[in-house]
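Since the structure comes first, as structure tokens, the remarks are kept for the end.
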Amino acid sequence: MTAAANLSVAMGPRIEFASIDLTLGRTSILEQVSFSVAAGSVHAIVGPNGGGKSSLIKTLLGQMPHQGQLTLHWPGEHEVIGYVPQALEFDRGLPMTVDDFMAAMCQRRPAFLGLSRRVQPAIDAALARVGMLDKRKRRMGALSGGERQRVLLAQGLIPEPQLLVLDEPMSALDEAGIQVFEQLLHRWRQSGITVLWIEHDLEAVLRLADRVTGLSRKVLFDAPPAQALTPERLLGLFSVHPRSESLAR
Amino acid sequence: MSRAQVIRPAGAGHETLYVLLTALLILALAATVVTLRGEREDEVSIESHQIDARRDLTAAEQGVFTDLLVAFDEIRQLREESGSMPEVASLAEEGLPPFVSDASSVSRGGHQWQWLAAGAYLGRSQDSAVAGSFLLIVPAQADERADVWLRRDTAAVVPDDLQPVALIAAGWQQVVSHYDAGVTRQHRH
């Protein structure tokens, strides 16, 4: 397989949000959210807590009763979405090792029967990529928050996704984990995977993202990070009453 | 090969539709199975000249009727042994209800029993308010069932002809018992 063919297979989709409205109960979560994520780009979403970032991602995953048009334009025949949640809720005493977790996420065979031979190489590679290969027999509950986040990242890599949806992956990561994550991000960008990335760390966004959208119920800005992340815009984004009118242009 | 995938809103809408459709499908299947394989509840309806032994007899009549059926077995046995029909008096001597005259027979209407040469025992009730008069027709063949008729009016004329048509014309009613769903499910008609 040539490099070009490889690239075209791995190419991620373009995502089109058009006038997305989301109301849960009587609370309006998203109002007229319109922006697009370019194919193969690293697109960050920033905004205050409760601004609708996670809801937007759940909408993208088809789990919200939204209104408006949300379209994924897939360029190739592979249509795999990888999702890395913000955190994993489970009992700390649960006797589930990293391998069990990966097996439960990646194979059809019950996890207690061990890793399937078909997905074993992929799981080995993913764990190696996040640097958790030597801790694969540890209990999930015994891992630190950063280590657990790395396992969640590894899980998002199998099967090879064309679109990766990350919900604050760096919030729990330690220093080494952040480096691992940045390497991964670099690889994804090279292989043309579309990455939609919710992030609080604005410095990381400025450094790593191709484009950034400020979201607080409405889209407050949508621009390359260097233009978007100005003090004035950020003040507006994180203030209690977002002044989208004055920030629009 | 490129494809646009529209993310549909997650909602109860189409899921509810699917659940409803599934429910309808199950209902339709069940209805089909029931229609094809179900058995009709066979409620036996009795003729107008018949009377239901289970529902339409008074307590005294039920007692006499049951005793008659038991006595009929004895009568049949006696007939096989002696070759002739036993007399009412000999049946009473054996203490066989309802032919014997005792306290319970008195309370049940004090029937006066007699043998009719046509082939039947006739018990004339002394108190038609408590129980009607009974007619036990002994069949010619030994293995046939007893045929019991009842008449409630006070006249209780001795029947000349034991043919059903004649009995019906004279105002007798045939006592029948049958087994159907009503035996286990008590409901009045």
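Show me the trypsin sites (Lys or Arg not before Pro) within region A:128-202 that DSSP assigns to loop and that have at most 14 other Cβ atoms within 10 Å of their Cβ.
Answer by residue number: A:LYS137.
Calculate the spin-label point distance for A:PHE112 paired with A:ARG92, positioning each point 7 Å from the Cα along the beta-carbon direction, and give it in nanometres.
2.6 nm
Counting other C-beta atoms within 10 Å, and keeping those with at most 12, which DSSP coil GluC sites (Glu not before Pro) do you find in region A:85-191?
A:GLU89
Compute the angle between helix B:12-37 and the longest alpha-carbon principal axis of chain B, please, reported from 0 to 90 degrees and rounded to the nearest 10.
30 degrees
Answer with one residue from B:THR22, B:GLY83, A:GLN227: the one whose Cα lies farthest towards the positive end of the charge dipole of the protein assembly as shown, charges on Cβ with Lys, Arg +1 and Asp, Glu -1.
The residue sitting farthest along the positive end of the dipole is A:GLN227.
Using alpha carbons only, how many degrees (0 to 90, rounded to 10) separate the axis of helix B:59-82 from the longest principal axis of chain B?
So the helix axis and the longest Cα principal axis differ by about 60 degrees.
Suppose R0 equals 45 Å; then what is the FRET efficiency for B:VAL106 and B:VAL33 from their Cβ-Cβ distance, rounded to the nearest 0.05?
Rounded to the nearest 0.05, the efficiency is 0.20.
Relative to the compact-globule scaling 2.2 N^0.38 Å, provide the ratio for the alpha-carbon radius of gyration of chain A.
1.04
How are the alpha carbon pair distances in region A:60-119 distributed across 5 Å bins from zero to the largest one, expressed in percent?
3, 12, 16, 16, 17, 15, 10, 7, 3
Expressed as a whole percent, how much of the Cα-Cα distance distribution for region B:1-108 exceeds 24 Å?
Tail fraction, whole percent: 64.
Give me the log10 of I(q) over I(0) for chain B at q = 0.12, 0.17 Å⁻¹, as the Debye formula computes it from C-alpha points; what are the numbers?
Here the Debye-derived log intensity ratios amount to -0.68, -1.13.
So for the protein assembly as shown, Kirkwood radius off the Cα pairs, Stokes-Einstein at 10 °C and 1.306 mPa s: how many µm² s⁻¹?
After rounding, the answer is 53 µm²/s.
Need one word for region A:166-212: rounded, prolate or oblate. Basis is the Cα gyration tensor (sqrt eigenvalues a ≥ b ≥ c); a/c below 1.5 gives rounded, then a/b vs b/c decides.
Here region A:166-212 falls in the oblate category.
Find the Cα radius of gyration of region A:1-144, compare it with 2.2 N^0.38 Å by division, and give the number to two decimals.
1.30
Within region A:1-103, report the trypsin sites (Lys or Arg not before Pro) that DSSP leaves as loop and that have at most 11 other Cβ atoms within 10 Å.
Answer by residue number: A:ARG26, A:ARG92.
Sticking with the crude label model, points 7 Å out along Cα→Cβ, report the distance from A:SER239 to A:LEU24 in nm, one decimal please.
Here the answer is 2.8 nm between the modelled labels.
Using the Kirkwood formula over every pair of different C-alpha atoms, what hydrodynamic radius in Å results for region A:89-159?
With all distinct Cα pairs of region A:89-159 included, I get 11.9 Å.
Applying 1/(1 + (r/R0)^6) with R0 = 41 Å to the Cβ-Cβ distance of B:TRP115 and B:ARG55, what FRET efficiency is obtained, to the nearest 0.05?
0.85
No lab work stands behind these numbers, since they all come straight from the coordinates. The shown structure was predicted, so the numbers you read here are calculated from the model rather than taken from an experiment. FYI the Cβ positions are ideal-geometry reconstructions off the backbone, even for glycines, and counts take in every protein chain you see.
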